[in-house]
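K.L.:
Sharing a structure here in structure tokens format.
The values are calculated or read from the model by the stated rules, or taken from the named source; none is laboratory data. Worth saying up front: this structure is predicted, and the values here are computed from it rather than measured. Glycine gets a Cβ as well: all are built from the backbone with ideal geometry, and neighbour counts include every protein chain shown. What goes into the accessible areas is simple: the full protein's heavy atoms, side chains included, and nothing from ligands, DNA or RNA. Shrake-Rupley method; radii C 1.70, N 1.55, O 1.52, S 1.80 Å.
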Amino acid sequence: MRDTRESRLLLVLLIAIAFALITVDIRGGQESPVDGARRAAATVFGPVENGVAAAVDPVGNAIGAVRDSGERHTRIAALEKENAELKAKLGSDDRNRSRLRELDTLLKTAGAGQYGIKGAQVIAIGSAQGFSWTITIDVGARDGIQRDMTVLNGAGLVGRVTTVGPSTSTVLLANDPDFTVGTRMEKTDELGFATGQGDRPLLVQLLNGKAKVKPGDRLVTFGSQGDKPFVPGVPVGEVLRVDPSGGGLTRNVYVRPYVGFSKLDIVGVVVQAPRSNPRDAVLPPKPEPAPTVTVTVTPKPPANAANEGGNQAGQDQQGQNQNQAGQNQQPNQNQAGQNQQPNQNLNQNQDAGQNAGQDQQAQQDEGDTTP
């Protein structure tokens, strides 16, 4: 369409008509004169609008999805980050609970032995000094740590301090081959020396070659002069195996240590020795043996045996009844015999009286016939 004067006038006229209709519609309110035309237009163009919307909506939704995809990816990334943070927090909470349990056990052990301890955390395994079984803890000279102090945890003996720095220390573990500690057997007080063997049980050489020892016996530290490097009474381990006594001066036993050297976290350095030897007071209580349950099973007799038993019981009952009847009859017979005996005696007496009367009559008859 060309941009002419007529077209401009037509456009202005249409705009004026539109404004006029809008003004009339607004002023008319519910009784607007164009209401009928509006309803007619809705009737005609409504289906057309629905059809056009049904065809255009999928395209519009696709365009909206493309436009919003960036925001959705950002939201998903934020949710994934939040999820990772929650998982890390939960893992940290589990670790903190585990550390709290270890610390609680450590404090109970220290309290049982009256040890003054300085708590520490394992921050490294191994050492630059060349020890094969060592750990590094986060306390040092600034915390009052000195060389040759005993290190323990809630289970028992961990090792001894070998090197002290300003804020860290190196601990030689009890399972190191260069580690040796004096031990005392529970109750029997047999003395010996325990030596580490890496990941194998500790080797304990008892000074008494004839010592009576068996698997399950427990050992504690004997203690050192001046309580360095070892304080007395720290649990060492439990006897697993005993070498046969060969008549030598010493005897070897193999001990399972109480401490798991591959999973150390919270430990305590003994900075103050106990005033008196705790002896066996720090050892954990022995588990009580489980009660033995005895079950007695009574076999059920078969059906034939049950019938035979019933018949036998009937025969026994019948025999008992017959014996009872015979026993009841015997006193009756005895009673009858006793009653008959006096009658027989009475008849005999009567016969004797008659014979005596006949004899007397015969004598009288003889006297009468004598001249």
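K.L.:
What's the total number of residues in region 234-253 that are open to solvent by 40 Å² or more (accessible area, probe 1.4 Å), over 28 Å from the mean Cα position of the chain (by Cα) and among the aliphatic types (A, V, I, L, M)?
P.N.:
1
K.L.:
So, one more: Among (1) hydroxyl-bearing (Ser, Thr, Tyr); (2) out of contact with any Lys or Arg (no Cβ under 7 Å at 6 or more places or on another chain); (3) loosely packed, with under 14 Cβ neighbours inside 10 Å, there is one condition residue 183 misses while meeting the rest; what is its number?
P.N.:
Residue 183 satisfies every listed condition except (3).
K.L.:
Could you look through region 147-156, keep only residues that are under 36 Å from the mean Cα position of the chain (by Cα) and open to solvent by 10 Å² or more (accessible area, probe 1.4 Å), and pick out the one that is farthest from residue 267 (Cα to Cα)?
P.N.:
155
K.L.:
Could you check residue 161 against (1) in a loop (DSSP other than H, G, I, E, B); (2) open to solvent by less than 10 Å² (accessible area, probe 1.4 Å); (3) under 19 Å from residue 124 (Cα atoms) and say which number it fails?
P.N.:
(1)
K.L.:
Of the residues 295, 269, which is over 17 Å from residue 190 (Cβ atoms), surrounded by fewer than 21 Cβ atoms within 10 Å (Cβ to Cβ) and of a type in the set (A, V, I, L, M, F, W, C)?
P.N.:
Only one candidate qualifies: 295.
Matching residues to (1) on the phi < 0 side of the Ramachandran plot; (2) open to solvent by less than 10 Å² (accessible area, probe 1.4 Å); (3) outside any strand (DSSP E or B); (4) polar (S, T, N, Q):
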position: 166; (1), (2), (3), (4): yes, no, yes, no
position: 170; (1), (2), (3), (4): yes, no, no, yes
position: 177; (1), (2), (3), (4): yes, no, yes, no
position: 194; (1), (2), (3), (4): yes, yes, no, no
position: 201; (1), (2), (3), (4): yes, no, no, no
position: 210; (1), (2), (3), (4): yes, no, yes, no
position: 232; (1), (2), (3), (4): yes, no, yes, no
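K.L.:
Could you check how many residues of region 212-224 are exposed (fewer than 14 other Cβ atoms within 10 Å of the Cβ) and touching a Leu at 6+ places or on another chain (Cβ under 8 Å)? I'd like the intermediate steps shown before the answer.
P.N.:
Within region 212-224, the subset exposed (fewer than 14 other Cβ atoms within 10 Å of the Cβ) is 212, 214-216.
Still in the running and touching a Leu at 6+ places or on another chain (Cβ under 8 Å): 215.
Within region 212-224, residues that are exposed (fewer than 14 other Cβ atoms within 10 Å of the Cβ) and touching a Leu at 6+ places or on another chain (Cβ under 8 Å) number 1.
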